[in-house]
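The values are calculated or read from the model by the stated rules, or taken from the named source; none is laboratory data. As the structure is a prediction and not an experimental result, all values here were calculated from the model. Every residue, glycine as well, gets a Cβ built from its backbone with ideal geometry; the counts of neighbours run over all protein chains shown. What goes into the accessible areas is simple: the full protein's heavy atoms, side chains included, and nothing from ligands, DNA or RNA. Shrake-Rupley method; radii C 1.70, N 1.55, O 1.52, S 1.80 Å.
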Amino acid sequence: VLVPTPSYPLLDFIARLEGVRLVRYPLLYEDRWRLDLEALARAAGRRSRAVVVIQPNNPTGSYLDSGEIEALRAVCSRHSLPVISDEVFLDYPMEEPGPAPTGLLGLDGILVTSLGGLSKSVGLPQMKLSWILVSGPDPLREELLSRLELIGDTFLSVATPVQLALARILDAGRTVRDQILGRIRTNRRTLEQLRDERAAWEPLRTSGGLFAVVRAPAVLTDEEWALRLLDQDRVQVHPGHLFGFPGGGYLVLSLLPPEDVFQAGARRLAERIAAVAG
Ligand SMILES: Cc1ncc(COP(=O)(O)O)c(C=O)c1O
């Protein structure tokens, strides 16, 4: 199964539990995150079973653009591969000119599953309710639905309390979603405004999702940066290697803290990098 990298760290563990071998296709950062089209084409082969796309990706916050989606479609079509599109963060686009990013359902001629859930869409991970939407040509779509039904039955039913509350949770969740969206956009702006021209760090461009990635100078490893920030500044960031970033000082920040907490943390991060790297 093909998966993007850098990406969500649990994919490795989930794959291992399911006896699935992952083959990575890289996302590369230039002025923005781009899919390495040739690497994707090379990664797909006779033994491939599916392509996982995370739209927007965690933690890069990147979406496939229309050209990349077309290239993905061509690869899937050539090897008869379905797309598993993890769209749990789709409700959280950053402000950008242009049309809002969309999921991959309806991709012409390809079997697509779109994954979503309460965890991110209304900020309630502990409710443990999620869903899979399916599109694609019949009879493949019908067969997939009947297999998913069997899997759903095998894991036994979704808890009754959350099923009964679902309509109200979805309704009330709109307010929470708007608050999360407001907060992540404000925190993102704060991070950008804190950086002055000569700073030795930069926030990588992101188009959505709940995280920011900062590239700090490679005078320390990402782990050393993370430990120093924790020990000396009481600021928690995640070292990028956990997500599959190549070496260097990639640090992953959550955009979810309250605005004043995020601002204080981001300021300390900027000051620490200036103190260490000059
Ligand atoms: C890309 C991605 N998919 C899925 C999940 C898990 O979602 P859930 O809590 O609905 O299982 C996460 C959690 O952070 C995630 O980042």
Pairwise label distance in nanometres, Ala71 with Ala159, each label 7 Å out on the Cα-Cβ vector | 4.3 nm
Send over a whole-number figure in Å² for the accessible area per residue of segment 1-86, probe 1.4 Å.
-> 50 Å²
Here the tail fraction of P(r) beyond 23 Å, over all Cα-Cα pairs of segment 117-268, rounds in percent to 54 percent
Gain upon complete extension [Asp196, Leu145; 0.36 nm per residue less C-alpha separation] | 13.1 nm
Can you list the residues, at least 5 places off or on another chain, whose amide H is less than 5 Å from the amide H of Leu255, using H built in the peptide plane?
-> Phe211, Ala212
Evaluate the Kirkwood expression for the hydrodynamic radius of segment 1-145, namely the inverse of the mean inverse distance over all pairs of different C-alpha atoms, and round to one decimal in Å.
-> 15.8 Å
Rounded accessible area per residue of segment 122-169, 1.4 Å, Å² = 79 Å²
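Given a cut-off of 17 Å, what percent of all Cα-Cα pairs of segment 189-236 lie beyond it? Can you show the working numbers first?
Values: 503 of 1128 pairs.
Taking all Cα-Cα pairs of segment 189-236, the fraction more than 17 Å apart is 45 percent.
Just the number, please: Stokes-Einstein D of the chain in µm²/s, Kirkwood Rh from C-alpha pairs, 10 °C, 1.306 mPa s. Don't jump to the answer; show the numbers that get you there.
Working: Rh = 20.2 Å.
The estimated diffusion coefficient comes to 79 µm²/s.
Return the percentage of antiparallel bridges among DSSP beta bridges fully within the chain, rounded to the nearest 5 %.
Antiparallel: roughly 60 percent of the beta bridges in the chain.
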Leaving ligands, DNA and RNA out of it, rank Leu10, Leu129 by accessible area with a 1.4 Å probe, largest first.
-> Leu10, Leu129
Across segment 98-105, in residue order, what do the Karplus-derived ³J(HN,Hα) couplings come to in whole Hz, using 6.51 cos²θ - 1.76 cosθ + 1.60 with θ = phi - 60° and x for Gly and Pro?
-> x, x, 5, x, 10, x, 9, 4
Would you give the gap between the C-alpha center of segment 105-133 and the C-alpha center of segment 12-90, rounded to a whole Å?
-> 17 Å
So for the pair Val20, Thr186, with labels modelled 7 Å out along Cα→Cβ, what separation do we get in nm?
-> 3.8 nm
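Calculate for the chain the 222 nm mean residue ellipticity that helices alone would give, adding -39,500 (n - 2.57) per DSSP H run of length 4 or more and normalising by residue count, nearest 500 deg cm²/dmol.
Values: 8 runs with 114 residues, N = 278.
About -13500 deg cm²/dmol.
Of all accessible surface on the chain at a 1.4 Å probe, what whole percent is carbon and sulfur? Mind showing how you got there, number by number?
Values: 8270 of 15250 Å².
Here it works out to 54 percent.
Using a simple charge model, +1 on the beta-carbon of Lys and Arg, -1 on the beta-carbon of Asp and Glu, nothing else, what dipole does segment 216-278 show about its Cα centre, in debye to the nearest 20?
Details: 5 positive and 8 negative charges, 15 e Å.
Charge dipole, segment 216-278, about its Cα centre: 80 debye, nearest 20.
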